[in-house]
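Encoded as C-alpha cells, the structure appears first; notes follow it.
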Amino acid sequence: VDTASKINEFSDLITTLRNDVQNEMSDTVSQINNLLEQIASVNKQIQSDQALGKTIAQAQDIRDSAVKDLSELIDISFFVRGDSVLVVQTNQGAELATTKAQTLTFPQRPLAATTFYPESTGGIFIRDPESDPAAIDITTLEPGGKLGGLITLRDETFPKQQAQLDELAHKMA
C-alpha cells in the first residue's frame, strides 16, 4: 500500500510540474508579445524619424536590446528593410514583427496525467486560431529558446516520465 501511495504521489508531482511548466509557457508567450509590440513600435519610430532625416541610432539601440531579449525566449531570424524597419521572423520564417506585431496566442488548459498535445492541450499560435484560419501553430516547429525548452518539458519529458511510472506500477501489480 505504501509503494502504491508513493507511486500515486509521484504521478501527481509529474502532473503538477507539467502544469507549472504550462504556466511558465503562458508567461513566456506574454513576454514575447510585449517584446514584439516594443519592436514594432520602435520600428515605426525609426521609419518615421529616418523619413524626416532625424537620427535613429538611439531607437536602433532600444530595438536591438528588445531583439536580444526576444532571442532568448524564441529562436528568431531578422533582416533590415531599406526603410530601416527590422523584420523579425521565427526560425521557420513566419513573420513576427515589422511595424506591426503579430500576437502569439496560447489557449492554456489544465493538464492531467492523460493529457497530451495536440488532442487535449493547447498549442502556441501566431495569431488566434479561433478567429483566424490562417493562424500558424508553432508548437511542433521547434521554436527554440526558452519557449522551445518548455514545450519539450510539457510534451515530451514529463509524459515519458509518466509513462515509465505507469509501466513500473503495472509491472509491480
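The values are calculated or read from the model by the stated rules, or taken from the named source; none is laboratory data. Bear in mind the structure is a predicted one, so any value in this text is a computation, not a measurement. Quick reminder, even Gly has a Cβ in these numbers, built from the backbone with ideal geometry, and neighbours come from all protein chains shown. The protein model used for the area step is the full one, side chains on, heavy atoms only, and it has no ligands, DNA or RNA in it. Shrake-Rupley method; radii C 1.70, N 1.55, O 1.52, S 1.80 Å.
Miscellaneous remarks
- Residue match in segment 77-94 (condition: assigned to a strand (DSSP E or B), among the small types (Gly, Ala, Ser), under 21 Å from the mean Cα position of the chain (by Cα) and surrounded by fewer than 18 Cβ atoms within 10 Å (Cβ to Cβ)): yes
- Residues of segment 95-133 satisfying the condition of being hydrophobic (A, V, I, L, M, F, W, C) and within 18 Å of the chain's Cα centre (by Cα): Leu96, Ala97, Ala101, Leu104, Phe106, Leu111, Phe116, Ile124, Phe125, Ile126
For every residue, the table says whether it meets (1) more than 19 Å from Asn91 (Cβ to Cβ); (2) touching a residue at least 40 places away in the same chain (Cβ under 8 Å); (3) touching a helix residue (DSSP H, G or I) at 6+ places or on another chain (Cβ under 8 Å).
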residue	(1), (2), (3)
Pro118	yes, no, no
Thr139	no, no, yes
Leu147	no, yes, yes
Lys160	yes, no, no
Gln164	yes, no, no
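- Of all the listed residues (Ile62, Ile39), the sole one being closer than 23 Å to Lys100 by Cβ, surrounded by 14 or more Cβ atoms within 10 Å (Cβ to Cβ) and in contact with a Lys or Arg (Cβ under 7 Å, 6 or more places away or on another chain) is Ile39.
- Among (1) surrounded by 15 or more Cβ atoms within 10 Å (Cβ to Cβ); (2) outside any helix (DSSP H, G or I) - the single one Lys54 does not satisfy: (1)
- In segment 95-107, the residues that are out of contact with any helix residue (DSSP H, G or I) (no Cβ under 8 Å at 6 or more places or on another chain) and either loosely packed, with under 14 Cβ neighbours inside 10 Å or among the small types (Gly, Ala, Ser) (or both): Pro107
- Residue tally, condition exposed (fewer than 14 other Cβ atoms within 10 Å of the Cβ) and assigned to a helix (DSSP H, G or I), over segment 1-11: 7
- Tabulated pairs, segment 62-77, first within 18 Å of Asp27 (Cα to Cα), second among the charged types (D, E, K, R), C-beta under 7 angstrom, 6+ apart or interchain: Glu72/Lys146; Leu73/Lys146
- The listed residue being open to solvent by less than 50 Å² (accessible area, probe 1.4 Å) and either outside any helix (DSSP H, G or I) or in contact with a Cys (Cβ under 8 Å, 6 or more places away or on another chain) (or both), out of Gly123, Gly149: Gly123
- Here segment 135-146 is the region considered, the condition is being open to solvent by less than 60 Å² (accessible area, probe 1.4 Å) and assigned to a loop (DSSP other than H, G, I, E, B), and the residue that is nearest to Asp20 (Cα to Cα) is Thr139.
- Within segment 12-36, the set of residues being open to solvent by 20 Å² or more (accessible area, probe 1.4 Å), among the hydroxyl-bearing types (Ser, Thr, Tyr) and in contact (Cβ under 8 Å) with a residue 24 or more places away in the chain comprises Thr15, Ser26.
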